[in-house]
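S.K.: One structure, pasted below without further comment.
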Amino acid sequence: MENALRQLKTQLESWPQWQAASSAVLAISGGVDSMCLLHLMLELFQLQEYQDRQLIVAHFNHQLRSQQIHAIEQELVIQTAQAHDLVYFVSKWQQPQTTNREASARIARYQFLADVVHATQADCLMTAHHLDDAVETFMMRLIRGSSLKGLNSIDPNYQRQLLATNGQVVITQMMRPLINFRKSELYQYASSHHISYYEDETNQHEEVFRNRIRHRYLPELEDENPQFYLNARNFQQQLQVSYQAHYQNFMAIEPNLLAKFRDPGWVLDVRAWQQLSPEQLQIYLGIFFEERYVEVAGQYDKDILSLVSQQLTHQDNPNYTLRLSNDWISRREYDFIYIEPRDYEKFVSEQVINLVIHNKWHSLGKGWWIGIFDRNFVSNQMRQAVDEYMALYLTAYDQVPLFSVRHRLPGDSMTLGNQDQAFHKKVSRILIDAKVPASQRETMWLVVDEEDDTVWLIGQQKSIKYQPHEPESISHYLLIQKMY
């Protein structure tokens, strides 16, 4: 067995998730990296112990270059898949954006890959990221400025949550078996095995930052030390281990540091943060912004961490506000800091999510998703996986009612009881009777219909208005789930 195949086989077989896998989706662009991955996997599957497994090829056209180039790449991938009798899927970015194109194209690509994983029920998804990719990304982030988390290494094997085109969440095992290969090794493998691939000419254009890193800066560093790439990779792995250790420590005391969650936003307990050492405060504040703030509010200026740190420790002025971004603020009131949208009260009262499109998840923020799904779309496994669901009977209506999700408003009420004896009750009274704290009432979600009747006070009560009489009459489901 040649060295490249042995290296790939050793890497894969070190992962228990691969040992249990029976099928894999390969993301194949047509470049040398992915075409080498495809041929190495074909070699691997010729071995006796792998002949009962399946490879699936997925090719996505980002439409970032000329149609002629994309046609060549796609034809190469299709011909290779057909030559080896592989199942393959191809698609293209239907609505390319003119701003932030690369990031948006990446999102569209992973939506397509999620569709393929879901359609084939594959056990894992493989990409052709290699050692040069990892070091280039590390250097780009180091030069531009990054957090401790941002400097972590590319994880070669981890569970990833993807969002499919229809809004469905797809959880798959993400694998990068070439992560320890050098780019030069892949060129050598392609040459020795006569592998066809398409070389993207834009990879030579030095107006692109990554290309300058690749062609100018990194070669000079490697001239200084031929082991630079391995050293950089080892350093990234040490950073990753360090970050994970700090993250676990943060998670253990997070309930003390956060007085409560708001929707959207958080309340920090100033006294609890002040009990930390200066080093712990800086590290945990960085973790809070990376793991909590970014998910809801988006990216932030790293310089803001020192300002929030001063806000936490300032003794002379316990009441002042910092601007975190155009939309978010950090507002201290004595022993608490409120990290929230600039116009929080207006944001809470006016936020409305319309569930016009069925069989699709809609974001409520902070990892919560909701959707209305046709009965034949929802399996028993799907109902068991969500946090809560409500069955609906809508076939009696000439037109399916329109539902939306919002926060409580004065006068909201819902129909309770049963079909023989129904009555209306104020949502405010339901919350009082359930002893829901006043601080939580304004941020609770309600599902309302087009007549503004409350259908579901999520977490508390369900109206009988659309309640099915028996299981056979269920036509739709309202599902809500926390997706991390």
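S.K.: Of the residues MET390, MET382, which single one is in contact (Cβ under 8 Å) with a residue 12 or more places away in the chain, part of a strand (DSSP E or B) and aliphatic (A, V, I, L, M)? Reasoning before the result, please.
M.R.: Numbers: MET382 fails: part of a strand (DSSP E or B).
Matching residue, one of MET390, MET382: MET390.
S.K.: Here's another thing I want to ask about it. On the basis of being within 22 Å of LEU162 (Cα to Cα) and either in contact with a helix residue (DSSP H, G or I) (Cβ under 7 Å, 6 or more places away or on another chain) or open to solvent by 70 Å² or more (accessible area, probe 1.4 Å) (or both), does ASN380 make the cut? Before the answer, list the steps.
M.R.: On the way: within 22 Å of LEU162 (Cα to Cα): yes; either in contact with a helix residue (DSSP H, G or I) (Cβ under 7 Å, 6 or more places away or on another chain) or open to solvent by 70 Å² or more (accessible area, probe 1.4 Å) (or both): yes.
Yes; evaluated as a whole, the condition is true for this residue.
S.K.: Whether any residue in segment 193-209 is open to solvent by less than 20 Å² (accessible area, probe 1.4 Å), at negative phi, assigned by the TED database to the domain that holds LEU37 and not β-branched (Val, Ile, Thr) is what I want to check. If you could, list the steps in order and put the result at the bottom.
M.R.: Narrowing segment 193-209 to residues open to solvent by less than 20 Å² (accessible area, probe 1.4 Å): 195.
If we keep only those that are at negative phi as well, we get 195.
Those left that are additionally assigned by the TED database to the domain that holds LEU37: 195.
Then keep just the ones that are not β-branched (Val, Ile, Thr); that gives none.
Looking through segment 193-209, none of the residues is open to solvent by less than 20 Å² (accessible area, probe 1.4 Å), at negative phi, assigned by the TED database to the domain that holds LEU37 and not β-branched (Val, Ile, Thr).
Okay, residues lined up against (1) open to solvent by less than 40 Å² (accessible area, probe 1.4 Å); (2) out of contact with any helix residue (DSSP H, G or I) (no Cβ under 6 Å at 6 or more places or on another chain); (3) charged (D, E, K, R); (4) within 16 Å of PHE250 (Cα to Cα):
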site: ILE283; (1), (2), (3), (4): no, no, no, yes
site: PHE289; (1), (2), (3), (4): yes, yes, no, yes
site: TYR293; (1), (2), (3), (4): yes, yes, no, yes
site: SER306; (1), (2), (3), (4): no, yes, no, no
site: ASP316; (1), (2), (3), (4): no, yes, yes, no
site: TRP328; (1), (2), (3), (4): yes, no, no, no
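S.K.: Any chance you could count how many residues in segment 169-190 are surrounded by fewer than 19 Cβ atoms within 10 Å (Cβ to Cβ) and part of a loop (DSSP other than H, G, I, E, B)?
M.R.: 2
S.K.: Does any residue of segment 390-405 turn out to be surrounded by 15 or more Cβ atoms within 10 Å (Cβ to Cβ) and of a type in the set (D, E, K, R)?
M.R.: no
S.K.: Do we have PHE250 as crowded, with 18+ Cβ neighbours inside 10 Å and within 30 Å of LEU276 (Cα to Cα) here? Don't jump to the end; show me each part of the working.
M.R.: Details: crowded, with 18+ Cβ neighbours inside 10 Å: yes; within 30 Å of LEU276 (Cα to Cα): yes.
Yes; evaluated as a whole, the condition is true for this residue.
S.K.: If you don't mind, another one. I'd like to verify a number: residues in segment 61-79 that are closer than 26 Å to ALA21 by Cβ and either open to solvent by 20 Å² or more (accessible area, probe 1.4 Å) or of a type in the set (Gly, Ala, Ser) (or both), how many?
M.R.: Going through segment 61-79, the residues closer than 26 Å to ALA21 by Cβ turn out to be 77-78.
Then drop every residue that is not either open to solvent by 20 Å² or more (accessible area, probe 1.4 Å) or of a type in the set (Gly, Ala, Ser) (or both), which leaves 78.
Going through segment 61-79 one residue at a time, the tally reaches 1.
S.K.: Of everything in segment 444-465, what is open to solvent by 10 Å² or more (accessible area, probe 1.4 Å) and touching a strand residue (DSSP E or B) at 6+ places or on another chain (Cβ under 6 Å)? Give them in sequence order. Can you show your working first?
M.R.: Of all residues in segment 444-465, those open to solvent by 10 Å² or more (accessible area, probe 1.4 Å) come to 444-445, 450-453, 458-462, 464-465.
If the condition is that a residue be open to solvent by 10 Å² or more (accessible area, probe 1.4 Å) and touching a strand residue (DSSP E or B) at 6+ places or on another chain (Cβ under 6 Å), then TRP445, ILE458, LYS462, ILE464, LYS465 are the ones that fit.
S.K.: Let me ask something else. Checking the condition closer than 30 Å to GLN159 by Cβ and either without any contact (Cβ under 8 Å) to a residue 60 or more places away in the chain or among the β-branched types (Val, Ile, Thr) (or both), which residue from VAL455, VAL405, VAL448 passes? Lay out the reasoning, then the answer.
M.R.: Values: VAL455 fails: closer than 30 Å to GLN159 by Cβ; VAL448 fails: closer than 30 Å to GLN159 by Cβ.
Result of the check over VAL455, VAL405, VAL448: VAL405.
S.K.: Another one. When you go through (1) modelled with pLDDT under 90; (2) more than 25 Å from SER147 (Cβ to Cβ); (3) touching a helix residue (DSSP H, G or I) at 6+ places or on another chain (Cβ under 9 Å) one by one for LEU162, which number turns out not to apply?
M.R.: (2)
S.K.: May I pose another question? Is segment 330-353 home to any residue that is aromatic (Phe, Trp, Tyr), at pLDDT 85 or above and buried (at least 18 other Cβ atoms within 10 Å of the Cβ)? Write out each step before concluding.
M.R.: Narrowing segment 330-353 to residues aromatic (Phe, Trp, Tyr): 334, 336, 338, 344, 347.
Checking which are at pLDDT 85 or above leaves us with 336, 338.
Filter again for buried (at least 18 other Cβ atoms within 10 Å of the Cβ), leaving none.
No; the residues of segment 330-353 include none that is aromatic (Phe, Trp, Tyr), at pLDDT 85 or above and buried (at least 18 other Cβ atoms within 10 Å of the Cβ).
S.K.: A further question on this structure: Which one of these does GLN48 not meet: (1) over 20 Å from PRO156 (Cα atoms); (2) in contact with a strand residue (DSSP E or B) (Cβ under 9 Å, 6 or more places away or on another chain); (3) without any contact (Cβ under 8 Å) to a residue 12 or more places away in the chain?
M.R.: (2)
S.K.: Which one is farthest from the chain's Cα centre (by Cα) among residues in segment 322-333 that are within 12 Å of GLN311 (Cβ to Cβ) and not charged (D, E, K, R)?
M.R.: Here is the first cut: in segment 322-333, the residues within 12 Å of GLN311 (Cβ to Cβ) are 322-324, 329-333.
Subsequent filtering for residues that are not charged (D, E, K, R) retains 322, 324, 329-330.
On the way: LEU322: 28, LEU324: 23, ILE329: 24, SER330: 25 Å.
The qualifying residue farthest from the chain's Cα centre (by Cα) is LEU322.
The values are calculated or read from the model by the stated rules, or taken from the named source; none is laboratory data. None of the values given here were measured: they were computed from a predicted structure. Virtual Cβ from ideal backbone geometry, glycine too; neighbours counted across all protein chains shown. For the accessible areas, the whole protein counts, side chains as well, though only heavy atoms, and no ligand, DNA or RNA atoms are used. Shrake-Rupley method; radii C 1.70, N 1.55, O 1.52, S 1.80 Å.
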